[in-house]
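Any read-out appearing in this document is the output of simple, stated calculations on the displayed coordinates, not a laboratory observation. The shown structure was predicted, so the numbers you read here are calculated from the model rather than taken from an experiment. Methodologically, a virtual Cβ is constructed for each residue, glycine included, from the backbone with ideal geometry; neighbour enumeration extends over all protein chains shown.
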Ligand SMILES: Cc1cc2nc3c(=O)[nH]c(=O)nc-3n(C[C@H](O)[C@H](O)[C@H](O)COP(=O)(O)OP(=O)(O)OC[C@H]3O[C@@H](n4cnc5c(N)ncnc54)[C@H](O)[C@@H]3O)c2cc1C
């Protein structure tokens, strides 16, 4: 049984059509960067909850999630209609093992995201952890339309704070946009373009790769990484890549 606590919406931002961040205050225990919380609304007499990664750093308030509206989904249409002052439910503790806790330090941390999976990496990048364990961090954000590239100011601030150690690569798959590469994350990974851009190869000795987002990206990226000798990281069986599938 979930232990639900009441939360109040204190902030809302719409990045593009159907693309939102919501901020709330709630008595929720501190999370580990990379974890998710369950968010719920009572809809037609039933509590409908879904997991969402926390975007804020541990200990930072308000709590924040970043999500896109799925018109046919039960939760996201009413969730995106909430406004400051409205209430919702959250689980009182966060869960999940998509964290750096048991990951071995290496030269470069590669963070690959599709869509709203960017959010989980913002929480991780706002902690000291990746900067203590890795010399360099590369974040690749794949979206369909350029208008879905969000959190630009936050990314600029991270780049400024960690000058020379952070590389952000926006990737747009369905249109061309100045300053962004065109294509899918796995295509650029497969043909070596990504590594060419960064000037480093992804290999088991020097890399840890985190994959978060849709199932097709994760499935294809896993195959490419395993062909290069990387293994899935498990708590008791260290490897070089970790995954979290949103849908
Ligand atoms: C561990 C975990 C963490 C998650 N964190 C986030 C997060 O931080 N932000 C976020 O936006 N989503 C996240 N999700 C997905 C989220 O829990 C919901 O599934 C999603 O928001 C849709 O909810 P819904 O109730 O409207 O529709 P659902 O009934 O959950 O899904 C309806 C359909 O839409 C598909 N779908 C779900 N999410 C997406 C999507 N983003 N884009 C396209 N199709 C989708 C589902 O596969 C399903 O076919 C996470 C999922 C998991 C398992």
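Note on the stretch 144-160: residues that are closer than 19 Å to residue 173 by Cβ and surrounded by fewer than 16 Cβ atoms within 10 Å (Cβ to Cβ) total 4. State yes or no: is residue 54 touching a helix residue (DSSP H, G or I) at 6+ places or on another chain (Cβ under 9 Å), near the ligand (Cβ under 10 Å from one of its atoms) and within 30 Å of residue 100 (Cβ to Cβ)? So residue 54 fits the description; yes. Here residue 236 passes the criteria (1) more than 16 Å from the ligand (Cβ to nearest atom); (2) in contact (Cβ under 8 Å) with a residue 12 or more places away in the chain except the one numbered (2). Please verify whether residue 45 is near the ligand (Cβ under 6 Å from one of its atoms) and either within 16 Å of the chain's Cα centre (by Cα) or surrounded by fewer than 19 Cβ atoms within 10 Å (Cβ to Cβ) (or both), treating the condition exactly as stated. It is false that residue 45 is near the ligand (Cβ under 6 Å from one of its atoms) and either within 16 Å of the chain's Cα centre (by Cα) or surrounded by fewer than 19 Cβ atoms within 10 Å (Cβ to Cβ) (or both). Of the helices (runs of 4 or more DSSP H) lying entirely inside the stretch 65-153, those carrying at least 1 residues that are away from the ligand (no atom under 14 Å from the Cβ) are 118-125, 129-133.
Within the stretch 26-42, the set of residues being surrounded by 15 or more Cβ atoms within 10 Å (Cβ to Cβ) and over 21 Å from residue 77 (Cβ atoms) comprises 26, 28, 31, 32, 33, 34, 35.
Quick check on my filter: what residues within the stretch 162-173 are touching a helix residue (DSSP H, G or I) at 6+ places or on another chain (Cβ under 9 Å) and over 27 Å from residue 227 (Cβ atoms)? Scanning the stretch 162-173 gives 162, 165, 166.
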